[in-house]
1. Filter the stretch 101-129 down to the residues that are exposed (fewer than 11 other Cβ atoms within 10 Å of the Cβ) and of a type outside the set (A, V, I, L, M, F, W, C), then identify the one that is modelled with the lowest pLDDT.
2. Working only within the stretch 49-102, note down all residues that are out of contact with any helix residue (DSSP H, G or I) (no Cβ under 9 Å at 6 or more places or on another chain) and among the β-branched types (Val, Ile, Thr).
3. Among the numbered conditions (1) under 21 Å from residue 139 (Cβ atoms); (2) touching a Lys or Arg at 6+ places or on another chain (Cβ under 8 Å), tell me where residue 15 comes up short.
4. Checking residue 68 against (1) under 30 Å from residue 21 (Cα atoms); (2) modelled with pLDDT of 95 or more, which test does it fail?
5. Somewhere in the stretch 45-54, is a residue assigned to a strand (DSSP E or B) and of a type in the set (Asp, Glu)?
6. Just to verify a result, which residue in the stretch 19-56, among those that are under 60 Å from the mean Cα position of the chain (by Cα) and of a type in the set (Gly, Ala, Ser), is nearest to residue 68 (Cα to Cα)?
7. Would you check which residues across the stretch 57-75 are touching a Lys or Arg at 6+ places or on another chain (Cβ under 6 Å) and closer than 16 Å to residue 27 by Cβ and list them?
8. When you scan the stretch 170-218 for strands (runs of 3 or more DSSP E) that lie fully inside it, which ones turn up with 1 or more residues that are modelled with pLDDT of 95 or more and aromatic (Phe, Trp, Tyr)?
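The values are calculated or read from the model by the stated rules, or taken from the named source; none is laboratory data. All of these numbers come straight from a predicted model, not from anything done at the bench. With ideal geometry, Cβ positions are generated from the backbone for all residues, glycine too; neighbour counts draw on all protein chains shown.
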Amino acid sequence: MVPIGSCTCKAGFEPDNGNVCRACPPGTFKSTQGPGLCLQCPPNSRSTAEAATVCVCRNGYYRGDADQPDEPCTSVPSSPRNVISIVNETSVILEWHSPRETGGRDDVVYNIVCKKCRADRRSCSHCDDNVDFVPRQLGLTETRVFISNLLAHALYSFEIQAVNGVSNKSPYPAQHVTIDITTNQAAPSIVPIMHQISSTMNSFTLSWPQPEQPNGIILDYELRYYEKDHAEINSTVLRSQTNTARVEGLRPGTVYVVQVRARTVAGFGKFSSKMCFQTLTDEDFKSELREQLPLIAGSAAAGVVFIVSLIAISIVCSRKRAYSKEAVYSDKLQHYSTGRGSPGMKIYIDPFTY
């Protein structure tokens, strides 16, 4: 509070002898109104004119959005150092040392830029969104990150950026270090789902799609199944060369828990989530059979009609051929009997030649 009848100096001015205000000389500043005196410019800043309310940062130095006018101007950090990588199939751990220069600040964090490159390294593109970063991709406070869900046998380039509270003020890209890695052959990803094609009292047939990331040629699949009311340790294993399998030797009207996994030269992938499938009960089987009887009878009747039709057509064709031969024989016999042969000649006809 300012007492009534008294005066205070505005920002950029300081009191002189208690009754006048004097402009802050160059190299000093005063950011607020009041009785306070002008202050020397903080490190890495300057004022070149009188009555400065704030000191301007020197080239290459900046004041953060939350920094006060009496705080020093700071700079961006240098690049991270001594980065190392640990590759495990389609995942990688990156570790590094903090920058040698922090820019005079204690709020340095790290960003990871992921790029997938061609084998010749001539062109790279940003990684897919399904690549995972733990604990996160941006704003890392630790000098370590775990990256997973990469493609097998692929070349990646990782850029580790060091940024701080004034990096967004700099016109230049963040200082960074780059490391290239190549992933290994990996086991296939999990099979997403299974479908039941058919079921009997003692079996059912299942099918499933290929894993979204086969990571190579699928050699075969392994099914694991057990009765739902029993422990998983009692599982039975079945191999299939295709993505379809018939599970036999089951109990009627019983629910089974089934899982499947794919195998490549790199080994087995993880088992799929557990899914339940049930065999038919005796009543279900009879009911299904009753529903199919009309169709079976209709198919049998159609088959009988077809066979009878073939027999009838065959008989008709045989009769036509026999009638045709008889007609030819009659015509020739009539021809010779009308005396059209040479005079004095006797005609002998062998009916077996016609």
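1. 121
2. Listed by number, the residues that qualify are 53, 54, 56, 74, 83, 84, 86, 87, 90, 92, 93, 102.
3. Only one criterion is unmet by residue 15, namely (1).
4. (2)
5. no
6. Filtering the stretch 19-56 for residues that are under 60 Å from the mean Cα position of the chain (by Cα) and of a type in the set (Gly, Ala, Ser), the one nearest to residue 68 (Cα to Cα) comes out as 31.
7. Residues satisfying the conditions are 57, 73.
8. In the stretch 170-218, the matching strands (runs of 3 or more DSSP E) lie at 204-207.
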